[in-house]
Structure formats: structure tokens, C-alpha cells
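Below: the structure, in C-alpha cells.
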Amino acid sequence: EPEVTQTPSHQVTQMGQEVILRCVPISNHLYFYWYRQILGQKVEFLVSFYNNEISEKSEIFDDQFSVERPDGSNFTLKIRSTKLEDSAMYFCASSEFRNQPQHFGDGTRLSIL
Amino acid sequence: KNEVEQSPQNLTAQEGEFITINCSYSVGISALHWLQQHPGGGIVSLFMLSSGKKKHGRLIATINIQEKHSSLHITASHPRDSAVYICAAGGGADGLTFGKGTHLIIQP
């Protein structure tokens, strides 16, 4: 069964450094999402992406965040200047159409030192 | 902004018991999702429903749109059902709003 893949599984970065989290959505899916989960807290929506542009973003998704689909398969989340509070599990998800189930990757655990 | 509440937060039961997890949301939605998160962190979609009832194996999900309430039921529970079950509201191009999850432990 096709799946969403995320790399790396764990990223350790110094505060202030830039980090790029990578995702390969399911190939025929059109909608892409990033979520984060701070340890012990609920999952939170960051951003959705459709037709090569952001569809919706939450108040968490400020100017230090950006998303890109650099080629036909990858979907990336960039954090420009990381802060300690960016430490979290980041999940990528994709869905075939609007109002369809979202398929999640296994997540990237980001640790900011 | 939608608020999603789940109950109970924690549930421990014996193998074979019938399990019910409840979810309520504050704003009308296009769809309600039930997800399962295992200790390693991975999230699996169990159901997406906008009306009525869906069944998959021992899992049943129901939704009452008028009351803004959904339930997830597990029949003949098994230790492998132990996980965090999460209710999430929304869908489409809009991101999901998640509940805090229900930590379920099924003891043999």
C-alpha cells in the first residue's frame, strides 16, 4: 500500500540554525499538510498546500516557517532560525482530494539544543 | 475556531470489554476523523465520516451532526488495541483540529 515517507526520522539541530524536513506524499495525492506535536500535547495544524500554493495556515506558521514542493515528489518544511520551542514531532500528511482521509507519515522528531 | 473535546482522557479495560470513546466539537464541520497513534508516534487514519455510522472489523464510528458528537466503539477489545485514539474535526484544504486523545490500555 502506498505510504507517506518522511526524512529524517530524527533531527538534532543547534538553536538558530535552519532545518529542512522532507516528505514524499503519496504520488496521486493533491493536498499536502504539515502538523506538529509537542511532547505530551495534542497534534496541531501548521499548513495545508494545494496546487503549488499555501491553502491555509495556522497562527503557529509564522515567518520563520516556509513550505515548498521543489519537484514532483518532495514536499518540504523549512524552519529558518530554530528556537527551543520548535522541538516537536512534525508530521506530514496527504490526501487525494478535498474531504478525503489524510494519510500520515511516521513523523520527524526535531530536537533543538 | 473549532474546539474538540474527547472523553475519557485515559481508559484501562480488560481484554474482551466493549470500549466507547466520545468526541464533541463546537463548530459545524465537513468531516470527523478518528485516528490511532501508537507509542512510536505514527498516526493511522481509522475513519472519516460526515454522517451516520461506519464499521471496520471490530471498530465502529458514529456521528450525530445535530449534536456535534461522535463516538468510537471497539468490540471484543484486545491488548493490541492499546494506543492513543484521537478525534479530529475538519477536512478538505483546511487543516484538522485535533482533540487531546484518549490513552487506551487493554489488559490481558
Check your understanding: Per residue of B:40-48, how many C-beta atoms from partner chains lie within 10 Å of its own C-beta, taken as a mean?
Key -> 5
**Study point:** Listed peptides B:3-11, B:18-26, A:100-108 by packing density, highest first (mean Cβ within 10 Å)
**Key:** A:100-108, B:18-26, B:3-11
Point to revise | Mean separation of Cα contacts under 8 Å, 6 or more apart, over the residue count of region A:1-111: relative contact order % | key: 38
Revision key, fill the gap. For region B:17-92, the Debye formula with one identical point scatterer on each Cα and no solvent gives log10 I(q)/I(0) at q = 0.11, 0.21, 0.26 Å⁻¹ as -0.26, -0.92, -1.29
**Study point:** Partners for A:K83 among lysines (Cα-Cα distance below 27 Å; same-chain residues under 8 apart left out)
**Key:** A:K42, A:K57, B:K1, B:K100
Practice item. Evaluate peptide A:104-111: per residue, the Cβ atoms of other protein chains within 10 Å of its Cβ; return the mean as an integer. Key: 3
**Study point:** Long-range HN-HN contacts of B:E15 with modeled amide H, under 5 Å
**Key:** B:Q107
Point to revise | Bridge type composition, chain A - antiparallel percent by DSSP, nearest 5 | key: 90
Point to revise | Table column - 3J(HN,Hα) (Hz), region A:91-97, Karplus curve with 6.51, -1.76, 1.60, x for Gly and Pro | key: 10, 9, 9, 9, 9, 5, 9
Check your understanding: Quick one: Cα convex hull volume of the protein assembly as shown, Å³ per residue?
Key -> 119
**Study point:** Sequence ranges B:58-68, A:19-29, ranked by mean other-Cβ count within 10 angstrom, highest first
**Key:** A:19-29, B:58-68
Check your understanding: Short version: ³J(HN,Hα) in whole Hz for each residue of region A:4-14, in order, from phi by Karplus 6.51 cos²θ - 1.76 cosθ + 1.60 (θ = phi - 60°), x for Gly and Pro, what are they?
Key -> 8, 10, 10, 9, x, 7, 9, 10, 10, 9, 6
Revision key, fill the gap. Under the Karplus relation with 6.51, -1.76 and 1.60 and θ = phi - 60°, whole-Hz ³J(HN,Hα) for region B:15-25, x at Gly and Pro, equal 3, x, 6, 8, 10, 10, 10, 10, 9, 10, 9
Revision key, fill the gap. Amide H neighbours of A:D106 at under 5 Å, excluding residues fewer than 5 places away on the same chain, with H built from the backbone geometry, are A:Q6
Check your understanding: To the nearest 10 square angstrom, what accessible area does A:L84 show with a 1.4 Å probe?
Key -> 100
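The values are calculated or read from the model by the stated rules, or taken from the named source; none is laboratory data. Because the structure is predicted, anything quoted here is derived from the model rather than measured. FYI the Cβ positions are ideal-geometry reconstructions off the backbone, even for glycines, and counts take in every protein chain you see. These accessible areas exclude ligands, DNA and RNA; they are computed on the full protein's heavy atoms, side chains included. Shrake-Rupley method; radii C 1.70, N 1.55, O 1.52, S 1.80 Å.
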